[in-house]
Amino acid sequence: MGGVPPALAGARRPRARTAVRTPGVVGYLDSLYASPGDEVILRVSVLDPARRYRAELVRLICGETGPGGPGLKEEPIPSGLAGEHQDGEQPVPIGSYAIVDDLPPLEAVEVSILVWPTLPGRGMQALMALGPVRLVLDDAGAAALVVGAETLSTKEPLRRRTWYRVEARYDPATGSASVRSAPLPGPHMDRVAEADGKLGTGVHATGPLLIAAARGAGGAAQHFNGKIEAPMLRSGSLAAQWDFARGIGSARVEDGSPHGLHGRTVNAPKRAVTGSRWDGSVHDWRSDPAHYGAIHFHADDLYDAAWQPSLRFRLPETLRSGYYAVKLQASGPPFYVGFIVSPKKGAPRAKLAVLASTVTYLAYANYRRRMSPGPSELTMGALPTVDMTDVLLAEHPEFGSSTYDVHRDGFGVGHASARRPLFNMRPTGRFWNFSMDLCLIDWLEAQGVAYDVISEHELQERGVELLTPYRAVLTPSHPEYFSLEMLRALEGYLGAGGRFMYLGGNGFYWRVSFDPGHPGLIELRRAEDGTRAWAEQPGQYYHATGEYGGLWRRIGRPPNALVGIGFIAQGFDASTHYRRTPASRDPRAAFLFADIEEDVIGDFGAWGGGAAGLEIDCYDASLGSPPHALVVASSEGHSNAFLLVNEEMLSNSRGVDGTLNSRIKADIVFFETPTGGAVLSTGSIAFVASLAHENYRNNVSRLLRNALDRFLDSAPFNLPAAQPR
Ligand SMILES: [Fe+2]
């Protein structure tokens with residue numbers, strides 16, 4: 001889903017009365033991947049008052065610092081970046097709004113707007129701001145007109161999640177002013193509230209026009225939380241009417257009047273949301289955009305931190321592909337800015353590629369919910385453990401949230417942006433899945449197997465052509481978020497004889513899309529069903545990009561059809577082992593079990609003591625798992641913390657936990673494709689964390705090495721003759 005990442009067992013505890021500091025410097029790169037020879041732009045904010053920091057490029061090999069784990073392994077790489085630098089603290093302009101930059105001079109003004117507030121009464125929130133003339137919800141949540149230092153309020157707070165028309169007018173010549181809020185017709189109508197009065201004269205409304213915020217000393221302020229529709233402005237002969245139903249899927253705000261006073265949104269507020277006219281008759285915004293004339297703004301939306309570049313450096317031409325980070329160090333622990341170095345276009349170096357789950361890393365970035373006690377502890381059966389980098393995130397709401405969090409008004413965060421510091425792209429913290437995936441890198445290094453690392457973001461851009469040069473492609477522990485383009489590329493690779501290993505759990509689960517109007521941003525809607533941190537609102541299951549959101553399973557492309565298995569359960573208390581099945585004796589699977597005598601596989605590991613755990617997947621022919629696939633091993637003995645995922649159930653019942661339900665198991669599945677390729681899937685996030693056990697000499701390691709040797713051999717796999725099942 002997955003779940004709440006497990007407690008960070010084994011993290012070192014600060015000693016009492018020792019001053020423990022958070023990282024004194026944070027930063028981000030302009031891209032999550034780069035290639036040798038590329039120029040990389042780093043943006044840094046130094047929080048430490050000394051304003052100095054050190055930077056170096058490091059190759060990341062391992063981050064498994066739990067008991068018995070190999071520990072942190074990183075290799076310093078000489079680069080133009082290395083050394084001590086000085087920089088300031090850079091502010092983060094969090095909060096979305098719309099802006100119309102160029103307005104002609106304004107005389108007496110009349111404004112009108114449709115409003116659906118979600119947090120009325122939580123501080124002053126601007127609806128439309130024209131310099132010193134502002135239409136707002138005041139501290140009490142009532143519609144009010146602010147002119148200079150004076151305020152005219154209706155004094156009747158608006159109800160939350162109710163549509164109102166809010167109007168105001170002001171004449172600077174006479175000081176005459178009025179403000180009014182009127183609920184739109186509905187079964188439970190609120191009262192009309194209005195106020196007329198005299199305010200000061202000579203205060204002139206000026207552009208730019210801000211919608212859902214006002215200009216403050218340091219940028220936009222007084223952010224509004226909720227939906228806004230159809231803002232309108234009249235002044236003298238000017239009349240402008242903005243129509244948010246136009247430009248969905250972009251940052252454009254269009255004026256439907258002949259004056260062409262177009263604007264733009266800032267910080268990616270949510271579009272393709274139901275508006276005042278939505279009545280349940282339309283669910284795809286493209287079929288009748290008039291029902292989707294609203295934008296949902298949040299004071300805690302963040303698309304672009306927009307920091308000034310701090311350092312530019314060129315990656316060495318000879319740099320090998322891999323997981324890398326710019327390691328920033330001031331006071332406190334280092335802050336890692338992780339990224340992928342992929343081979344230069346057209347210059348793959350190895351037969352094997354690791355497809356780094358950069359989209360899932362982004363979806364998990366700046367995950368705050370696990371720091372809230374309550375649900376986290378119930379899921380984990382333990383107190384959450386965090387480190388000082390997590391504490392820094394908790395202390396800085398302006399770095400934005402993850403797609404596992406909800407906004408302050410309770411609506412889910414449906415965007416993730418790479419244009420801000422990302423607190424999970426680091427080897428430390430034992431927070432999956434960036435850190436977890438390094439277990440696979442560490443194992444490949446220990447095995448001496450040559451590999452390239454490529455990223456999902458490149459897969460999105462380049463399609464199957466990215467994979468074609470490779471004989472085998474591996475995904476690490478948790479490729480949960482996938483776009484249609486990425487799925488097509490993987491299918492294309494398999495269709496052309498590629499060999500693919502899915503070494504994780506809960507993969508290919510949620511649909512995401514890339515927003516062409518916002519580079520670096522992904523969108524998702526947790527629609528209909530699924531194991532999920534929040535639920536999308538009715539009528540809003542289509543992305544602003546026009547794609548139908550939700551589980552790939554619900555959309556009709558279950559992961560089972562791609563990799564043979566799909567999500568079945570999650571639990572975070574303890575992992576367990578696999579047991580070989582009779583199918584593991586099938587000659588087709590013999591290569592997998594060469595030199596493995598035991599029936600029990602993976603009864604050890606750094607995450608929960610076993611290779612099968614956290615989030616697990618199983619074979620299901622009814623969801624498209626290939627009938628000829630061999631289930632060569634299945635996990636057993638899961639605890640009652642492992643519960644059947646809700647998308648598996650039509651109604652709730654007893655018998656849905658791991659001690660009672662035989663379907664709750666991770667399956668290791670192997671199958672051949674008709675074009676000489678093959679797929680191996682292991683169905684557990686914890687799998688890769690078992691590879692290092694006993695110095696990499698164990699049966700999980702042996703199984704994977706056996707598979708890899710065969711998958712890298714050019715001899716084609718043969719599809720078995722069809723057999724009745
Ligand atoms: Fe997940």
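Where a number appears in this text, it was derived from the coordinates with a stated rule and is not lab data. Note that the coordinates shown come from a computational prediction; the quantities given were computed from them, not determined experimentally. A quick note on method: Cβ atoms are made from the backbone with ideal geometry, for glycine too, and the neighbour counts reach across all protein chains shown.
Okay, here's what the table says:
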item: The chain: calculated mean residue ellipticity at 222 nm from DSSP helix runs of at least 4, using -39500 (n - 2.57); result: -3000 deg cm²/dmol
item: Cα-Cα pairs of the chain separated by more than 35 Å (percent); result: 48 percent
item: Computed magnitude of the charge dipole of the stretch 28-130 (debye, nearest 20; Cβ of K, R +1, Cβ of D, E -1); result: 420 debye
item: Among 518-527, 360-369, the order from most to least packed when residues are scored by Cβ within 10 Å on average; result: 360-369, 518-527
item: Label-point separation, Leu712 to Glu398 (7 Å along Cα→Cβ), nm; result: 4.8 nm
item: Backbone HN-Hα couplings from phi across the stretch 668-684 [Karplus 6.51/-1.76/1.60, Hz, Gly and Pro as x]; result: 8, 10, 10, 8, 8, 10, x, 9, x, x, 7, 10, 10, 10, 10, x, 8
item: Cα gyration tensor, the stretch 487-578 - rounded (a/c under 1.5), prolate or oblate; result: oblate
item: Ordering of 596-609, 128-141 by burial proxy (mean other Cβ atoms within 10 Å per residue, highest first); result: 128-141, 596-609
item: Under 23 Å from the Cα of Lys73 - lysines, other chains or at least 8 residues apart; result: Lys327
item: Sorted peptide list for 142-149, 249-256, criterion being average Cβ within 10 angstrom, highest first; result: 142-149, 249-256
item: Net charge of neighbours whose Cβ lies under 13 Å from the Cβ of Arg191, counting Lys and Arg as +1 and Asp and Glu as -1; result: 0
item: Unit charges at the beta carbon, dipole of the chain: most positive-side option, His298, Thr22, His577; result: Thr22
item: Listed pairs Lys198/Lys270; Lys351/Lys665; Lys155/Lys227 exceeding 29 Å between Cα atoms; result: Lys198/Lys270; Lys351/Lys665
item: Helix 484-495 axis, angle to the chain major axis (alpha carbon atoms, nearest 10°); result: 20 degrees
item: Gyration tensor (alpha-carbon) shape descriptor, the stretch 233-311, a/c threshold 1.5; result: oblate
item: Net +/- balance of residues flanking Tyr323 in space, Cβ distance below 14 Å, scoring K and R +1, D and E -1; result: -3
item: Fewest-first ranking of Leu152, Leu704, using other Cβ atoms within 10 Å as the exposure measure; result: Leu152, Leu704
item: For Gly504, residues with placed amide H under 5 Å, excluding near neighbours; result: Thr682, Gly683, Ser684
item: Reduced Cα scattering model of the stretch 24-90, Debye log10 I(q)/I(0), q = 0.23, 0.24 Å⁻¹; result: -1.09, -1.11
item: Among Val46, Ala272, Ser684 - extreme Cα towards positive end, dipole of the chain, charges at beta-carbon; result: Val46
item: Karplus-derived HN-Hα couplings along the stretch 595-604 (A = 6.51, B = -1.76, C = 1.60, θ = phi - 60°), whole Hz, x at Gly and Pro; result: 6, 10, 8, 6, 8, 8, 10, x, 8, 6
item: Dipole in debye (nearest 20) - the chain, about Cα centre, beta carbon charges: Lys, Arg +1; Asp, Glu -1; result: 480 debye
item: Calculated from backbone phi, Karplus (6.51, -1.76, 1.60) coupling profile of the stretch 332-348 in Hz, x at Gly/Pro; result: x, x, x, 10, 9, 10, x, 7, 9, 9, 9, x, 4, 3, x, 10, x
item: The chain - share of DSSP beta bridges that are antiparallel (%, nearest 5); result: 85 percent
item: Shape category assigned to the stretch 156-236 from the gyration tensor of Cα positions, a/c cut at 1.5; result: oblate
item: Relative contact order for the stretch 23-124, counting Cα pairs under 8 Å that sit 6 or more residues apart, in percent; result: 22 percent
item: Residue list for the stretch 286-328, given a label point 7 angstrom along the Cα-to-Cβ vector of Arg54 and an amide N cut-off under 13 Å; result: 327-328
item: Cα long-axis angle, helix 699-711 against the chain (0 to 90 degrees, to the nearest 10); result: 90 degrees
item: Principal-axis tilt of helix 434-447 within the chain, Cα atoms, nearest 10 degrees; result: 30 degrees
item: Relative contact order (%) - the chain, alpha-carbon pairs under 8 angstrom, separation at least six; result: 14 percent
item: For Val92, net neighbour charge (Lys/Arg +1, Asp/Glu -1) across residues whose Cβ lies under 12 Å away; result: -2
item: Built amide H within the under 5 Å cut-off of Ser176, gap 5+; result: Asp171, Leu199
item: DSSP-loop trypsin sites (Lys or Arg not before Pro) across the stretch 173-250, with at most 13 other Cβ within 10 angstrom; result: Arg191
item: Ranked Asp529, Asp452, criterion: other C-beta atoms within 10 Å, fewest first; result: Asp529, Asp452
item: Relative exposure of Ile295, Ile99, Ile668, judged by other C-beta atoms within 10 Å (fewest first); result: Ile99, Ile295, Ile668
